[in-house]
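A short write-up of the structure that comes next.
The numbers here are math on the coordinates, done by the rules we state, and not lab data. Predicted, not measured: the structure shown is a model, and the values here were computed from it. Glycine also receives a Cβ, built like all others from the backbone with ideal geometry; neighbour counts cover every protein chain displayed.
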Amino acid sequence: MIAERLQAVEAEIEAAKKRRARVSKDASVTLIAVTKNHDVTAMREAIDAGIEEIGENRIQEAKEKFGTLERNVKWHLIGHLQTNKARVAVALFDLIHSVDSEHLARAIDKEAGKIGKRQDVLVQVNLAKEESKSGIYKEDLRSLLDVVDALPNLHLAGLMCIAPNYDDVEKCRPLFREMYEIFLKTKEIPFHDANIKYLSMGMSHDYAIAVEEGANLVRVGTAIFGPRQY
Ligand SMILES: *Cc1c(COP(=O)(O)O)cnc(C)c1O
């Protein structure tokens, strides 16, 4: 079941790449399987079916699950991170998508320094300015990017955003398009040592549009694993 759904998602990503108008049709897309609220058995099934990137959004849940999984995959923290959990996040995750304040950036930097790690991070942008969501407003993005770039134990690798949950998914398109423009502009900034290569956007209901508009990391849960039980 998971393997079949995964195949369908991968096929849809390929189809979306072909529909791109502004973005190179060849630019690759990495699929992150979001396993939050799904058990380790489901995780193993996805990995056996070819998944190499796993996304979780809660530290405690990730910690419990990762410990029992011996597979060699890349771990993504996609959810909001509290500064007091920075130590565990740094110990567990290859890429943290959710840096959205200087305070958090400094906390992650400090913990990474303690274990001699260079932590890859993305800065999360709240493009639609939804109060319920984390992320920095675009007006404040540049100064946060400069802070992250200057911190010695952080490596800035790109941007992330979550689109509002519109009933009409086409409404996400202008946001994704603007996010891609911001991504291109960010690539042009002469940073100290950042390498802006990832644009993380798109979830189960909107990933096809995100890929059409230039996402190169998509975070898909429900479309692979089915509905979550809370
Ligand atoms: C849960 C989650 C996803 C995946 O959501 P689905 O709709 O199940 O695909 C993606 N990104 C973030 C930040 C999430 O919290």
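Here are the numbers for this structure:
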| item | result |
| --- | --- |
| Surface/4 estimate of mean projected area, convex hull on alpha-carbon atoms of the stretch 71-162, nm² | 5.9 |
| Vicinal HN-Hα couplings computed from phi for the stretch 205-220 (Karplus, 6.51 cos²θ - 1.76 cosθ + 1.60; Hz; Gly/Pro x) | 7, 10, 5, 5, 5, 4, 5, 4, 9, x, 4, 10, 9, 10, 10, 10 |
| Amide hydrogen neighbours beyond the local backbone of HIS155, cut-off 5 Å, H modeled | GLN119, ASP120, VAL121 |
| Residue exposure sequence - TYR198, TYR207 - by fewest surrounding Cβ within 10 Å | TYR198, TYR207 |
| Packing-based exposure ordering (other Cβ within 10 Å, fewest first) of ILE51, ILE189 | ILE189, ILE51 |
| Fluctuation leader among ASN216, ASN72, ASN195 - the chain, Gaussian network, Cα springs under 10 angstrom | ASN72 |
| Positive dipole terminus of the chain, leading residue within SER101, MET43, VAL169 (C-beta point charges) | SER101 |
| MET160 long-range amide H proximity, modeled H, under 5 Å | VAL123, GLN124, VAL125, SER200 |
| Selection from ALA91, HIS80, ALA16, by position along the positive dipole direction of the chain (Cβ) | ALA91 |
| Dipole in debye (nearest 20) - the chain, about Cα centre, beta carbon charges: Lys, Arg +1; Asp, Glu -1 | 260 |
| Charge sum, other residues only, whose C-beta stays under 15 Å from HIS97's C-beta, Lys/Arg counted +1 and Asp/Glu -1 | +2 |
| Other-chain or far-sequence residues with amide H under 5 Å of LEU69's (modelled H) | none |
| Cα-based Rg of the chain normalised by 2.2 N^0.38 Å, two decimals | 0.97 |
| Net dipole in debye of the stretch 71-179 [+1 Lys, Arg Cβ; -1 Asp, Glu Cβ; about Cα centre; nearest 20] | 520 |
| Max mean-square fluctuation residue, GNM over the chain, Cα-Cα springs under 10 Å, options GLY55, GLY214, GLY67 | GLY67 |
| Neighbour-count ranking [beta-carbon atoms within 10 angstrom, fewest first] of GLU70, GLU111 | GLU70, GLU111 |
